[in-house]
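The values are calculated or read from the model by the stated rules, or taken from the named source; none is laboratory data. A quick note: this is a predicted structure, and the numbers were derived from the prediction, not measured. So basically every Cβ, Gly included, is an ideal-geometry build from the backbone, and we count neighbours across all protein chains shown.
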Amino acid sequence: MGVRHRIPLTAVGSTLEGRLMLVVADGRQPKYSVGVTYAEMAQFMRSIGAINAIGMDGGGSSAMVIKGELVNRPSGGSSRRVSNGLGVFIGR
């Protein structure tokens, strides 16, 4: 798959104020979401205020879990086992 294909995609960015942004776009589900291209994700990140952003992963491993709950619809129907991830922990 090239960068012009629409795929599930995860991105991380930050705002001028230092706010962290985590985004996942579902895809490969024609009646739900066809996904995004890298250019579309970059445009979206800019539109929500990102001044820095990076595309993290695409495909079936693009999943987001918040407080133990899967909050998107991965293209394979469930989250996939992967050997890496990004964790954000907020101290109290």
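Testing ALA11 on (1) exposed (fewer than 12 other Cβ atoms within 10 Å of the Cβ); (2) touching a helix residue (DSSP H, G or I) at 6+ places or on another chain (Cβ under 6 Å), one condition comes back false. Which one is that? Single failed check for ALA11: (1).
Residue pairs whose Cβ atoms lie under 9 Å apart, sitting 6 or more positions apart in sequence or on different chains, and linking a residue in segment 77-92 that is over 30 Å from PRO30 (Cα atoms) to a partner that is of a type outside the set (Val, Ile, Thr) and not in a loop (DSSP other than H, G, I, E, B), are VAL88/LEU20; VAL88/LEU22. In segment 45-57 there is no residue that is outside any strand (DSSP E or B), modelled with pLDDT under 90 and either touching a helix residue (DSSP H, G or I) at 6+ places or on another chain (Cβ under 8 Å) or farther than 19 Å from THR15 by Cβ (or both). Checking SER79 against (1) in contact with a strand residue (DSSP E or B) (Cβ under 6 Å, 6 or more places away or on another chain); (2) surrounded by 17 or more Cβ atoms within 10 Å (Cβ to Cβ); (3) modelled with pLDDT under 95: exactly one of these is not met. Which one? With (1) in contact with a strand residue (DSSP E or B) (Cβ under 6 Å, 6 or more places away or on another chain); (2) surrounded by 17 or more Cβ atoms within 10 Å (Cβ to Cβ); (3) modelled with pLDDT under 95 applied to SER79, the lone miss is (2).
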